[in-house]
1. Which pairs have Cβ atoms under 9 Å, sit 6 or more apart or on different chains, and link a residue in the stretch 243-270 that is without any contact (Cβ under 8 Å) to a residue 60 or more places away in the chain to one that is open to solvent by 10 Å² or more (accessible area, probe 1.4 Å) and of a type in the set (Ser, Thr, Tyr)?
2. Between Ser153, Ser118, which is open to solvent by less than 10 Å² (accessible area, probe 1.4 Å), farther than 18 Å from Lys236 by Cα and polar (S, T, N, Q)?
3. So, in the stretch 39-57, of the ones that are surrounded by fewer than 20 Cβ atoms within 10 Å (Cβ to Cβ) and among the β-branched types (Val, Ile, Thr), which residue ends up farthest from Tyr114 (Cα to Cα)?
4. State all residues of the stretch 7-21 that are open to solvent by less than 10 Å² (accessible area, probe 1.4 Å) and under 15 Å from Tyr163 (Cβ atoms); if no residue qualifies, say none.
5. Of all residues in the stretch 252-270, which are open to solvent by less than 30 Å² (accessible area, probe 1.4 Å) and in a helix (DSSP H, G or I)?
6. Looking only at the stretch 131-150, filter to residues that are of a type in the set (A, V, I, L, M) and closer than 18 Å to Ser193 by Cα; which one of those is most open to solvent (accessible area, probe 1.4 Å)?
7. Would you be able to tell me the number of residues in the stretch 227-243 that are out of contact with any Asp or Glu (no Cβ under 9 Å at 6 or more places or on another chain) and assigned to a loop (DSSP other than H, G, I, E, B)?
8. Go through the stretch 102-115 and give me each residue that's assigned to a helix (DSSP H, G or I) and either at positive phi or surrounded by 14 or more Cβ atoms within 10 Å (Cβ to Cβ) (or both).
Amino acid sequence: MAELNLSLVVFTLLMGLCTGTFLSYTLWQASGIPSAEVREKTARQVMPLLLVLAGIAMLASATHLGRPFRFLNAFHNLGSMIAQEGLWSLVFGIILLVAAFLVYKDKKIPTALYIIGSVVSCGLLLVCSLVYVRANGIPAWNGGLTVVYYFSSAFLLGAAVIYALHMQYHEEKAGKEMTVVALSAVAVQIIVSLAFMLQLRLQTMDVVLPSTVGLDMVRWGIGLVAPAIIAYLALKGKISSKNAARFFLGCVILGEIFSRLIFFMQGVHL
């Protein structure tokens, strides 16, 4: 069985959070929902935070090799997925660094940077997922749904962050629209998770996978069912939108942590 490597759990989770948030933040800005003042305030919060989290993620990726500087050896073969992962991560980190520098100088982040950052975010997510799709002899990961799983997870994490961020400044304005987006992100992740479970059963019939029933129950309860209920109650006006967004974010992050643990536990070699 593949060893459960917490460094990779941290890397994939934080990169999913960073890329998903950058994409969601770009769409939120483009939607025209936040005012110019709110755009400035949130940019000062989001960009430095994403830069720090991306830095932690890249450090975690390097440390999983045992000696951090071993990751330099991967760049001897730029065509390898590990090297591609490192290159895309580096470019994404540079974009976040530029964005953080601009907000530090009280300058507006240009639209072009958002567009480039969004393209790089998608490229990084694709490369990160293909690392596991192309891993030899790990049937639980060797399928196209692994790519979809990475994107849907990032979409859910990003939507949860922007939902909480929006409600921090707007209690009512466009609150329902943002709640619908958050609820839709959960619905997508539920569908993808069910499809992934079905694929897992079909592709690993001849492999004895470690039991993850307990973790699955926690992940589904905290990370999918609870956020769906919270968003629904907020949509119906049963609970405060601001509190709902905070609980939604907390549940989603916890759920995706368990989801990553399950994903790596299923990495059984043939």
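The values are calculated or read from the model by the stated rules, or taken from the named source; none is laboratory data. All figures in this text were calculated on a predicted structure; none of them were measured in a lab. Counting neighbours? That spans all protein chains shown, and the Cβs are built from the backbone with ideal geometry, glycine included. These area figures cover heavy atoms from the full protein model, side chains too; ligands, DNA and RNA do not enter into them. Shrake-Rupley method; radii C 1.70, N 1.55, O 1.52, S 1.80 Å.
1. Partner pairs satisfying both residue conditions: Ile262/Thr212.
2. Ser153
3. The residue in question is Ile56.
4. Gly20, Thr21 - these are the residues of the stretch 7-21 that are open to solvent by less than 10 Å² (accessible area, probe 1.4 Å) and under 15 Å from Tyr163 (Cβ atoms).
5. If the condition is that a residue be open to solvent by less than 30 Å² (accessible area, probe 1.4 Å) and in a helix (DSSP H, G or I), then Val252, Gly255, Glu256, Ser259, Arg260, Ile262, Phe263, Phe264 are the ones that fit.
6. Here is the first cut: in the stretch 131-150, the ones of a type in the set (A, V, I, L, M) are 131, 133, 135, 138, 140, 145, 147-148.
Filter once more, keeping what is closer than 18 Å to Ser193 by Cα: 133, 140, 145, 147-148.
Working: Val133: 33, Ala140: 2, Leu145: 43, Val147: 30, Val148: 65 Å².
Only one residue tops the list, namely Val148.
7. Residues that pass the stated criteria total 4.
8. Filtering the stretch 102-115 for residues assigned to a helix (DSSP H, G or I) gives 102-104, 111-115.
Selection gives Leu102, Val103, Leu113, Tyr114.
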